[in-house]
Each structure stands twice: as structure tokens, then as C-alpha cells.
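Have a look at the structure below before the remarks.
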Amino acid sequence: MEFPTLGRRRLLELGAGGVTVAVLAACAPATDGPEPSTGEVRSGSFTSRFRADTGTNWSLAIPARGANSDQPPLPVAVFLHGTGADHRMIFDELRAGDVLSQHAARGGTPFALAAVDGGESWWHRRATGTDTQAMVVEEFIPLLAGQGLDTGRLAVFGLSMGGFGALLLASQHRIPGLRAVAAMSPAVWSLHDAARTDNFDSAEDFAANDIFALRPELGALPKRIDCGTSDNLHYSVKDYVSGLPGEHEGGFQDGGHDGGYWRSILPDVFSFLGRNLA
């Protein structure tokens, strides 16, 4: 089992239940705020009935909350990755464990951060039978509840393909306890491109998962959407945002479709998630 790279750490092998725990000391850049506390990462895998012939890996970051054992279970934010990535991306490339520790150290509402493998599925049911959206709802969220988390206080967010997936999931499912959705540089389009078969199997598949047509389904759910002004998706995302119901946070900042931009906005995204998971 591989572990997210989240700064200095010593590994504690539990050897039970297919789950490994890493005890972490965050190493985010020095700030004027409080020193972040030690937390942990749990990693594991399961066999999904919605993803044939492959194991599904996951990781879960939990910030430290002190020695009081009477504290209520933490809420959880589920992250959906983009193309060419897996569940480790947010930890390895975006250093989300460090950002989560800094968020808690500054007095933000503590929450757990969970990520799961989705392959190149675009987070919806495909002609192959793969259905990673159902995997998240029917398997991964119950797994997180089994890890002692409060899935009655839940958020979903993602980037690029995963940003599309987060918005789609929040639009198509009435998940009990879903408190917020956030998308960083979501890969959204208002028209089907027949030259592309990676994201949709057909025009009918696009219509069934048309994120623009589904905007009213988000209703009053708290929403945050960000995109860089140098991103090729910039104008498509602006078009999507212009038709959202109710209020929303986020915006269009300097940056492209890359890790540097996503790292720059992640603290604000975590602040948004924390406020709505409180």
C-alpha cells in the first residue's frame, strides 16, 4: 500500500482491516498563525461492484483535535480527482494534508478529507458498466461512516474531471447530509463534442449528464466554483456559473489549469467547506 506524501511522518502499521495509518507532522510553509498539530492519514482499498477487474484505493486525512475523547465525529469532504490522476493527487501534488492542518490551526471548522480512485470514468455511469458515481454514493460514503466519520455532514469537491463529477453528483443525487459542493477548474461544456469519447459515450450519454441542464437541481445548496483566467475552460466555466441558481462563492483568478493554481486557491476552498460543514 502506498501512502500520500504529506510532510514529515512516522508510519504506524496497524495490520488490521486492510487499513494503514500514518501519523503526520504537517510541514506547510511558516505563517504568522498557530503551529499546526499532528494528524493522521488512513489508507486502504476495497473491491467495488461498480468497477470491474480493479481494486479501488482510498486515503483519508484527519486533523488532530486534542486529547478530549468526547468530541463528536468529524464531518467529511470527499474529493474527486481529475484525469491522469488518482486518490493520492490531492495529497501528493496539492499537499492537502498540510493545508488541512493549517486550516484547523487557524480556527477553521475541522473536517476529514477523503479521496478515492475513479479511473478515467468521468464520474458517471459508462457503457462499459463502470459507474464511479454510484461507487462513491453506495460504497465509499458508507465506508467513511465505518471509519467513524459523520457522513450526515458531508461535502463533495473536485478539480477538472473531478470538478465536473462533484457538480454532477450534487445535481443528480439527493444525498442525506450533503452540505456543500465545490469545483476547481471544472471540465464543463454546454455542447456535446462527438470527436471526444473519453468523457461521454454518445450524444445520449451527454444529454443524460448535461451539467448545464442540471443546474436548477443544485437549488440552494452552497456552491463554490473557481477557474483560472488563463485556463482553456475559463469561458465555459463562466457560462456555467452565469446560470447557477441562488448565491455561490469562488471566482476567476490569475492562473491556469495546473497544480500551482489549485494550490493557491485550496486554503479558500477549505475555508468554504469548513464553514458549511460546521
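For region 172-221, enumerate the residues that are β-branched (Val, Ile, Thr) and within 29 Å of LEU266 (Cβ to Cβ).
Residues satisfying the conditions are ILE175, VAL181, VAL188, ILE211.
Is it true that LEU168 is in contact with a strand residue (DSSP E or B) (Cβ under 9 Å, 6 or more places away or on another chain) and among the hydrophobic types (A, V, I, L, M, F, W, C)?
Taking the combined requirement at face value, the residue does not satisfy it.
Can you tell me which residue in region 108-126 is farthest from SER59 (Cα to Cα), limited to those that are charged (D, E, K, R) and under 16 Å from the mean Cα position of the chain (by Cα)?
This residue is GLU120.
Just checking, which of GLU139, GLU120 is among the charged types (D, E, K, R), in a helix (DSSP H, G or I) and closer than 23 Å to MET89 by Cβ?
GLU139
Would you be able to tell me the number of residues in region 142-164 that are in a helix (DSSP H, G or I) and over 12 Å from the mean Cα position of the chain (by Cα)?
So the count comes out to 5.
Could you look through region 159-176, keep only residues that are more than 14 Å from HIS124 (Cβ to Cβ) and modelled with pLDDT under 95, and pick out the one that is surrounded by the most Cβ atoms within 10 Å (Cβ to Cβ)?
ILE175
Tell me which residues, restricted to region 267-278, are surrounded by 23 or more Cβ atoms within 10 Å (Cβ to Cβ) and out of contact with any strand residue (DSSP E or B) (no Cβ under 6 Å at 6 or more places or on another chain).
Within region 267-278, just PHE270 meets the criteria.
This table checks each residue for (1) touching a His at 6+ places or on another chain (Cβ under 7 Å); (2) closer than 16 Å to THR56 by Cβ; (3) surrounded by 18 or more Cβ atoms within 10 Å (Cβ to Cβ); (4) among the aromatic types (Phe, Trp, Tyr).
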{"residue": "THR128", "(1), (2), (3), (4)": "no, yes, no, no"}
{"residue": "ALA145", "(1), (2), (3), (4)": "no, no, no, no"}
{"residue": "ARG153", "(1), (2), (3), (4)": "no, no, yes, no"}
{"residue": "PHE157", "(1), (2), (3), (4)": "no, no, yes, yes"}
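Can you tell me how many residues in region 235-266 are within 20 Å of VAL99 (Cα to Cα) and buried (at least 17 other Cβ atoms within 10 Å of the Cβ)?
8
The values are calculated or read from the model by the stated rules, or taken from the named source; none is laboratory data. What you see is a predicted model, and the numbers here were worked out from it, not measured in a lab. No Cβ is skipped: glycine too gets one built from the backbone with ideal geometry, and neighbour counts run over all protein chains shown.
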